[in-house]
Amino acid sequence: MAPRKLGVIGGSGLYAVDGLTDADWTRVETPWGAPSDALFCGVLDGLEIVFLPRHGRGHVHSPSDVPYRANIDALKRLGVTDVISVSACGSFREEMAPGDFVIVDQFIDRTFARTKSFFGSGCVAHVSMAHPVCGGLGATCAEAARKAGVTVHEGGTYLAMEGPQFSTLAESNLYRDQWGCSVIGMTNMPEAKLAREAELCYASVAMVTDYDCWHPGHDAVEVTDIIRVLTGNADAARAMIRNLPALLGTDRAPCSQGCDTALEHALITAPEARDPGMIKKLDAVAGRVLSGPKT
Ligand SMILES: CSC[C@H]1O[C@H](OP(=O)(O)O)[C@H](O)[C@@H]1O
Ligand SMILES: Nc1ncnc2[nH]cnc12
């Protein structure tokens with residue numbers, strides 16, 4: 001068993017967590033630039049926690065400009081082993097109502113203006129995204145949220161759109177009727193891909209704020225309506241987080257799904273052809289496989 005350190009990425013409405021002891025904001029520099037904000041590190045019921053507000057305190061980064069690589073690198077650099085993403089989302093399903101939480105298990109990535117990998121020329125890697133989230137971590141989040149009194153839906157496909165504008169009605173209908181998506185948001189990609197590359201267990205808790213624009217009984221989504229629901233959702237998210245240490249424990253076994261060994265067979269660039277500058281930048285994210293003799 002190895003020590004567990006839990007990272008929490010807070011989305012719209014969740015800019016702080018409560019109940020942590022020995023806590024402080026820490027600035028971290030990464031080879032990919034500065035993260036969205038300082039990271040709030042502390043202890044909750046014996047479990048080490050690192051909290052990062054995805055959009056920064058005051059919500060200063062738009063979904064396209066969130067420094068996703070720096071965020072994941074900083075969490076990894078601080079020793080985080082498991083990451084829970086908490087996000088606002090629109091719902092495509094009548095039964096997934098505002099205030100409900102959806103434990104996402106699949107994604108469709110429609111973002112196009114973001115850098116999606118730590119790897120590239122000089123060190124190429126291809127990780128599997130067939131099962132893009134950690135099932136075990138997601139199940140624990142579901143339990144923690146239910147204990148906090150939240151209605152939870154386990155499983156759902158998250159459509160990641162570029163934004164920042166909300167969808168057109170034609171897009172909303174396409175994603176819902178033809179593509180079978182459950183929820184829509186703007187941030188979980190490339191975050192989930194980068195977490196996988198960094199060999200972090202990643203679970204996505206999508207908190208429903210609205211019905212996007214497809215629902216005949218609801219007005220098209222407006223940010224003011226979202227903010228009204230967000231406050232209640234953020235309180236519920238904090239309650240869920242307070243329940244996590246007791247359920248997760250302070251030690252972790254190797255991930256049964258292999259999230260923590262995702263790079264094992266992913267590197268394809270021959271060792272002698274690798275760019276030393278690139279390898280240096282990958283020290284935190286891929287140090288486990290790059291510092292040893294493996295190819
Ligand atoms: C404030 S509504 C749109 C905004 O909220 C979501 O952000 P996050 O996933 O960080 O909670 C959505 O993806 C958009 O970025
Ligand atoms: N309807 C919606 N579309 C995209 N992102 C969202 N975040 C919250 N609601 C959303």
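The values are calculated or read from the model by the stated rules, or taken from the named source; none is laboratory data. This is a predicted model, so every value here is computed, not measured. Using ideal geometry, Cβ is built from the backbone for each residue, glycine included, and neighbour counts are taken over all protein chains shown. Accessible surface areas use protein heavy atoms only, side chains included; no ligands, DNA or RNA. Shrake-Rupley method; radii C 1.70, N 1.55, O 1.52, S 1.80 Å.
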Per the helix-only model, the chain has a calculated mean residue ellipticity at 222 nm (DSSP H runs of ≥4, -39500 (n - 2.57) each, divided over all residues, rounded to the nearest 500) of -8000 deg cm²/dmol
Sparse-neighbour loop sites [chymotrypsin sites (Phe, Trp or Tyr not before Pro); the stretch 56-159; at most 16 other C-beta within 10 Å; DSSP] = Phe112
What is the packing order of peptides 186-192, 257-263, 135-141, taking the mean over residues of other C-beta atoms within 10 Å and listing the highest first?
-> 186-192, 135-141, 257-263
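Provide, as a two-decimal number, the C-alpha radius of gyration of the chain over 2.2 N^0.38 Å, N being how many residues it has.
Values: Rg = 18.5 Å, N = 295, 2.2 N^0.38 = 19.1 Å.
Against the empirical 2.2 N^0.38 Å value, I get 0.97 for the chain.
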Check: C-alpha center the stretch 27-93 vs C-alpha center the stretch 179-236, spacing in Å is 16 Å
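Filter the GluC sites (Glu not before Pro) in the stretch 72-164 to those in DSSP coil with at most 15 other Cβ atoms within 10 Å of their Cβ, and list the result. Please report the intermediate quantities before stating the final value.
Working: sites: Glu94, Glu95, Glu143, Glu154, Glu162; in loops: Glu94, Glu95, Glu162.
Here the sparse-neighbourhood loop sites are Glu94, Glu95, Glu162.
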Helix 223-248 versus the longest principal axis of the chain: what angle, 0 to 90°, nearest 10, using Cα atoms?
-> 50 degrees
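How much length, in nm to one decimal, is gained on full extension between Phe112 and Asp177, taken as 0.36 nm per residue of separation minus their Cα-Cα distance?
21.2 nm
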For the chain, find the longest principal axis of its Cα atoms and tell me its angle to the long axis of helix 188-197, 0 to 90°, nearest 10.
-> 20 degrees
Cα-based helix-to-principal-axis angle, 135-147 vs the chain, degrees rounded to 10 | 40 degrees
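Can you give me the relative contact order of the chain as a percent, contacts being Cα pairs under 8 Å and 6 or more apart?
Working: 636 pairs, mean separation 74.9, N = 295.
Computed value for the chain: 25 percent relative contact order.
Please give the per residue accessible area of the chain, computed with a probe of 1.4 Å over protein heavy atoms only, in Å².
Heavy-atom accessible area per residue stands at 41 Å².
Just the number, please: carbon plus sulfur as a percent of the accessible area of the stretch 1-87, 1.4 Å probe, no ligands or DNA/RNA counted.
Values: 1560 of 3160 Å².
Carbon and sulfur together cover 49 percent of it.
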